[in-house]
Structure formats: C-alpha cells, structure tokens
Amino acid sequence: MKFTKKGKLLAVLVAVLMVATMLPAGTVFGHGGSPTYKVDYDKNGADGGDCPADVTGLHWGDEVTVADAQNLYQYIWGDLKFFGSWNTHWLGFGTTYNPGDKITINYSDVHLYAQFTERGYELEYDNNGGSGSTPSTQRARAGTSVQVADGSHLTKSGDVFDHWNTRSNGTGTSYNPGASITLNGNE
C-alpha cells in the first residue's frame, strides 16, 4: 500500500491517538517522554500520627516496597485503632498491602488508604487538683509497654509529686515515673 503525504500524516495521527487512548487518564510524561507514576499514601481520616511520604517519579515495571505507618491512629466509634495495613479502596474493599509488601508499577498511579484494625489503649494523666503541666496522653497498641511519665513538676497544696495512682484517693495501683506499664485495657 502506498501513502501520499496526507495519508502518511493521517496514519501517524491515528497511531498517536491509539496509543494515547491506551494510557490511563492523568498520565504524565517525564524526561525523555517516558510516563511517570506515583504511590501515594492517604491517612484516611486518621486522628494522629504520621503518614509516609509519597513515592514519585516511578516508571512502568518499577518495584516499590510498601511503607509502614505504625504510629498512625484513628478513633472509630470511640475506640482507639492503630494502623494495620493499606488498601486501594478507602473502605478496604480493594487490594490489601501490608508494610514490606512489593508493588510493581503497571501503567497507573497507586493510591493506598490506611486501614485501622489494631486495637489501642490510652494512658491518661490527671494532676488530681494539683498545679503544673499534666503530661500528654500516651497511646499504644494493645499489649505494648509504655514508660510512665514524670510528674516531678506537679505540686498540690505545698506537697510535691511522689507517684501516679489509678485512683484519685490513692487506693488504686501505684506507678512510679519511668516504670513500664503494658496497656491492655485493664488499668
């Protein structure tokens, strides 16, 4: 088959359009005309903690190790839940990826939403009518040990801080600053 100049131009235009329709919407061409992709991490409504940085500048066939987000947490119906895995759907109906899993880039961006499945507990401090700055609440996964905060800067009616107790009248369990306590919901 022989093409005229117009025919060659039309054939090239049709070929370009065919290739363009095979690429996902939003494909960005980087240096050298090669499309680039990204893996991005979404906190998915987290109340606290840090989300990993997005991985950008990826090309087809690149392999990415899924990041961890151990300190990411969310309150779900009053319960503290910690990050457990990632999913390609915000409600968890897509593909699940655990930290350390590998993702191979296949002509599209990968959007991962945090999933909160790990039970957590809080260790809250109360200055019990004293003055001074009360230590911040500590959050940890169930069964994890935390170090009891210092309270030496607290005072009450001329008294100085000695220890923490699970009851305001001192008849509960006592904990000294620096002691290790395992959070399991029974305190």
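The values are calculated or read from the model by the stated rules, or taken from the named source; none is laboratory data. Since we're looking at a predicted model, the values are computed, not measured. Positions of Cβ are generated from backbone atoms using ideal geometry, with glycine treated the same way; all protein chains shown enter the neighbour counts.
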Restricting attention to region 141-150, does a residue exist that is in a strand (DSSP E or B) and hydroxyl-bearing (Ser, Thr, Tyr)? yes
Hits in region 52-102 (condition: in contact with a Lys or Arg (Cβ under 9 Å, 6 or more places away or on another chain) and of a type in the set (Val, Ile, Thr)): VAL55, THR56, VAL64, THR65, VAL66
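This table checks each residue for (1) within 11 Å of the chain's Cα centre (by Cα); (2) polar (S, T, N, Q); (3) modelled with pLDDT of 95 or more; (4) not in a strand (DSSP E or B).
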residue	(1), (2), (3), (4)
LYS38	no, no, yes, no
PRO52	yes, no, yes, yes
GLN74	yes, yes, yes, no
TRP86	yes, no, yes, no
TRP90	no, no, yes, yes
GLY94	no, no, yes, yes
ASN127	no, yes, no, yes
From GLY78, GLY100, residue being within 23 Å of SER145 (Cα to Cα) and among the small types (Gly, Ala, Ser): GLY78
How many of the residues in region 72-101 are surrounded by fewer than 15 Cβ atoms within 10 Å (Cβ to Cβ) and either in contact with a Pro (Cβ under 8 Å, 6 or more places away or on another chain) or among the polar types (S, T, N, Q) (or both)? 2
Pair list, Cβ < 7 Å and 6+ apart or interchain, from region 145-159 residues that are of a type in the set (Asp, Glu) to residues that are surrounded by 14 or more Cβ atoms within 10 Å (Cβ to Cβ) and assigned to a loop (DSSP other than H, G, I, E, B): ASP150/PRO177
Being modelled with pLDDT of 90 or more, within 25 Å of the chain's Cα centre (by Cα) and part of a loop (DSSP other than H, G, I, E, B) narrows it down to one of SER136, SER168, so name that one. SER136
Of the numbered conditions (1) surrounded by 15 or more Cβ atoms within 10 Å (Cβ to Cβ); (2) touching a Gly at 6+ places or on another chain (Cβ under 7 Å); (3) more than 28 Å from SER136 (Cα to Cα), LEU112 fails exactly one; give the number of that condition. (2)
Examine region 22-33 for a residue that is part of a strand (DSSP E or B) and at pLDDT below 95, and state whether such a residue exists. yes
Determine which single condition ASN44 fails, assuming it passes every other condition in (1) modelled with pLDDT under 95; (2) under 25 Å from the mean Cα position of the chain (by Cα). (1)
Unique match (being exposed (fewer than 13 other Cβ atoms within 10 Å of the Cβ), hydroxyl-bearing (Ser, Thr, Tyr) and in contact (Cβ under 8 Å) with a residue 24 or more places away in the chain) among THR173, THR104: THR104
